[in-house]
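For reference, the structure discussed in these notes is given below.
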Amino acid sequence: MMLFTRDLRLTDNPALSAAAAAAPELVPAFVLDDGLLAGPAVSASRLSFLHDALHDLDTGLREAGGALVVRRGAWVDTVIQTARAGGVESIHVADDVSGFAQGRLARLERAAAAERMAVVRHPGVTVVAPGAVRPTGGTAFRVFTPYYQRWLAVRRRPAAERPKRVTLPSGVEPGRVPALAALTDAAPAPGVQAGGESAGLARLRAWADASLGGYDAYHDDLAADRVSRLSAYLHLGCLSPAAVEEELAGRAGSEPFIRQLAWRDFFHQLLADRPAAAHDDYRSRGDDWNDDPHALAAWQDGQTGYPVVDAGMRQLAAEGFMHNRARMIVASFLTKDLYLDWRAGAAHFMRLLADGDVASNQLNWQWVAGTGTDTNAHRVFNPTVQGKRFDPDGSYVRRYVPELAQLPASVIHEPDTTARRHCHYPAPLVDHRAAVAEYRARRYS
């Protein structure tokens, strides 16, 4: 059995390649986990992306002579039942880093052992496997730069061969990918990306040809939107991160982008070492966070009165995606200006993002909040300054905050102006300078 999880692709999939080579017949399976579907972090946009990816994976398998065996239920029990029906001797699966994933795989291994089946874990979720490089005397790197230097030096695994032929055992019915409405009552973001390996490869190649060369110069430009938008494809494994690195390496502009792949791996090795960092401070500073449901709701709805913050939050709702520079700005505003718990922001992101990834999302939030490996006391993003610097003519704000579309660039990022008071747009929720002074006094007194 090839048990797909976060590796929904046929190209450079080590688990799939090993499973296809192990026996003449293969059960390529994906189990929709009822426990996850009922969980608090379920995202309609992520499910829409997953739905597309499963259809695309099924199409690819059918072209190879097989089909995706789709099941739904309690994950471990359903995997075992499906394996038993197919006469499976070994279950090949991608290893993963979160506490949830590790616990689920451990339960599967125990259940499989009782059936005399082997569970074989494979790399593939990251470029460099978590734990492949370790600091002297430690279990995980806590500083990115030395990790990155070691990461660059790691010899890459060879690309896994795509199976040319897939043959299902007789009597195994593929089943069907359920309609999206059967998975969630919520509506995905209207502008959510199409999922799947085919769409991911097309996006990678089109973006690399058009924008890779200028990535370093333009990746923070909010209005230009020249970022790769590959994060959801990497999260669900529609693209192999190792194959992305191999395809881009050596091309003009690739170095700063490949550095972002290393940041992704850095956070994965941190979470693998300390799974509790998904919900606990990596380094607690004893924050006494505010409890202000009204302020949280205004932030979630893009009604803070700070245009670049509100544009980011509205982009998230509209697309299931947010520009990375905007993610840092809105996270800083929540945790520094409003002094609200980073976990509330991370949870909102996970509910809406198509690329919601526990390692990248939670640990990036902790980096901004100052509770992660780097507790920089001075990391505060002034939303007015950030807006002027990274959206100088106001195009990003106008795109997502149409109330302000008629304002000139000279005032569009100002937190309160006479011109803005006629735009049916809220006054600033807080005064940035005063709020940050209070935050610093409370946190560092």
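Computed from the C-alpha gyration tensor, the three semi-axes of the ellipsoid equivalent to the chain are 40, 23, 22 Å, from longest to shortest. Multiplying the residue separation of Ala419 and Ala249 by 0.36 nm and subtracting their alpha-carbon distance yields 56.3 nm. Amide H contacts of Val120 (H built 1.01 Å from N, in plane; Pro and chain starts excluded): Ile91, His92, Val93 sit under 5 Å, all sequence-distant by 5 or more or on other chains. List residues of region 320-346, by number, whose backbone nitrogen lies under 17 Å from a label position 7 Å along Cα→C-beta of Ala187. Counting only backbone N, you get 320-321.
Build a GNM of the chain with springs between Cα atoms under 10 Å: which of Arg251, Arg327, Arg398 gets the top mean-square fluctuation? Largest GNM mean-square fluctuation: Arg251. Taking 7 Å steps out from each Cα toward its Cβ at Arg134 and Asp301 produces label points 5.1 nm apart. Put simply, the amide H of Leu32, placed in the peptide plane, has neighbours under 5 Å in Arg71, Arg72, Gly73, leaving out anything fewer than 5 places away on its chain.
Estimated at 0.36 nm per residue, the fully extended path between Arg72 and Arg389 surpasses their Cα-Cα distance by 109.3 nm.
The alpha carbon radius of gyration of region 369-444, expressed as a multiple of 2.2 N^0.38 Å, is 1.31. Express the carbon and sulfur contribution to the solvent-accessible surface of the chain as a percent, rounded to the nearest whole number, probe 1.4 angstrom. Carbon-and-sulfur percentage of accessible area, whole number: 52.
One way to sum up the overall shape of region 213-365 is the equivalent ellipsoid from its Cα gyration tensor, whose semi-axes run 28, 20, 13 Å, largest first. For the pair Ala409 and Glu173, the difference between a 0.36 nm per residue extended length and the Cα-Cα distance amounts to 79.0 nm. Only Lys, Arg, Asp and Glu carry charge here, each on its Cβ (+1 for the first two, -1 for the last two); on that basis the chain has a dipole of about 700 debye about its Cα centre.
Distance from the Cα centroid of region 212-289 to that of region 306-383 is 14 Å (rounded to whole angstrom).
Candidates Leu248, Pro40, Pro293 compared by Cα position along the dipole of the chain: farthest toward the positive end lies Leu248, with charges placed on Cβ.
Per-residue 3J(HN,Hα) values for region 189-194, derived from phi via the Karplus relation 6.51 cos²θ - 1.76 cosθ + 1.60 with θ = phi - 60°, read 4, x, x, 5, 5, 6 Hz in sequence order (x marks Gly and Pro). Here each label is just a point 7 Å from Cα along the line to Cβ, and for His294 and Thr375 those points are 3.3 nm apart.
Here the Karplus curve 6.51 cos²θ - 1.76 cosθ + 1.60, taken at θ = phi - 60°, turns the phi angles of region 53-59 into couplings of 5, 5, 4, 5, 5, 4, 4 Hz, with x standing for Gly and Pro. With 5 Å bins beginning at zero, the pair-distance distribution over Cα atoms of region 318-415 amounts to 2, 13, 22, 21, 18, 14, 7, 2, 0 %. Specify which residue in the list Leu340, Trp151, Leu180 is farthest towards the positive end of the charge dipole of the chain, using unit charges on the beta carbon of Lys, Arg (+1) and Asp, Glu (-1), about the Cα centre. Towards the positive end, the residue furthest out is Trp151. Along the axis of the charge dipole computed for region 64-110 (Cβ charges of +1 for Lys and Arg, -1 for Asp and Glu, origin at the Cα centre), the listed residues Thr82, Ala94, Gly65 are led at the positive end by Thr82. Surface analysis of region 79-221 yields an accessible area of 54 Å² per residue, using protein heavy atoms and a 1.4 Å probe.
The values are calculated or read from the model by the stated rules, or taken from the named source; none is laboratory data. All values derive from a computational prediction rather than experimental measurement. When we count neighbours, we look across all protein chains shown, and the Cβ atoms used for this are built from the backbone with ideal geometry, even at glycine. Accessible surface is based on the protein model in full, side chains and every heavy atom, while ligands, DNA and RNA are left aside. Shrake-Rupley method; radii C 1.70, N 1.55, O 1.52, S 1.80 Å.
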